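Participant: Encoded as structure tokens, here's the structure I'll be asking about.
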Amino acid sequence: MWLMNYITNHSMTSPSAAKGELNTGGAGGTAVVSSEEHKSLEMCFPYGIVSVPPSGERAVVLPLDDGEVGLGVLAKAVGLEEGEIMLYSRGGASLVLKNDGRVLINGGEVTNG
């Protein structure tokens with residue numbers, strides 16, 4: 001019985017991911033405000049892709065054993081088919097890789113040749 005009480009009283013619950021509003025810039029670097037403020041976050045991206053998401057986007061923060069990391073922003077519906085990829089900027093530039101092999105840059109199809 002004492003062992004069960006000890007384990008219950010001394011166990012820690014694992015922290016979980018949080019979702020909140022992104023705030024980029026300022027002296028504190030990137031921060032996400034959810035039920036609490038997560039400051040000076042390093043952002044996590046797939047290899048070869050780097051981005052500075054704009055303030056106001058909805059972002060996800062994951063606690064780690066040595067701090068926290070921003071996993072990125074929540075995707076918006078953009079009308080892609082399953083398996084297609086889109087890169088876009090805040091200013092409106094876009095690159096879409098279509099399933100049929102076409103490449104669209106700012107909505108226009110790129111032709112070979």
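Participant: Given a Förster radius of 25 Å and the C-beta distance between Val110 and Ser51 as r, what FRET efficiency does 1/(1 + (r/R0)^6) yield to the nearest 0.05? Intermediate values should be presented prior to the final figure.
Facilitator: Working: r = 22 Å, r/R0 = 0.90.
Calculated value: 0.65.
Participant: I'm a student and want to see the number: the projected area of the Cα convex hull of the stretch 32-81, averaged over all directions, in nm². Before the final figure, lay out the partial values.
Facilitator: Details: hull surface 19.5 nm².
That works out to 4.9 nm², a quarter of the Cα hull's surface.
Participant: Enter the Cα centre distance for the pair the stretch 31-51 and the stretch 55-113, rounded to the nearest angstrom.
Facilitator: First find each Cα centre; the distance between them is then 16 Å.
Participant: Could you compute Rg(Cα) / (2.2 N^0.38 Å) for the stretch 54-113, with N its residue count? Don't skip to the end; give the middle numbers.
Facilitator: Working: Rg = 15.7 Å, N = 60, 2.2 N^0.38 = 10.4 Å.
This ratio for the stretch 54-113 stands at 1.50.
Participant: Return the long-range amide H neighbours of Glu57 (sequence gap of 5 or more, or a different chain), with a cut-off of under 5 Å between placed amide H atoms.
Facilitator: Leu22
Only the coordinates and a few stated rules stand behind these numbers; no lab work does. In this text the structure is predicted, and so the values were computed from the model without any measurement. Don't worry about glycine lacking a Cβ; one is built from the backbone with ideal geometry, like all the others, and counts go over all protein chains shown.
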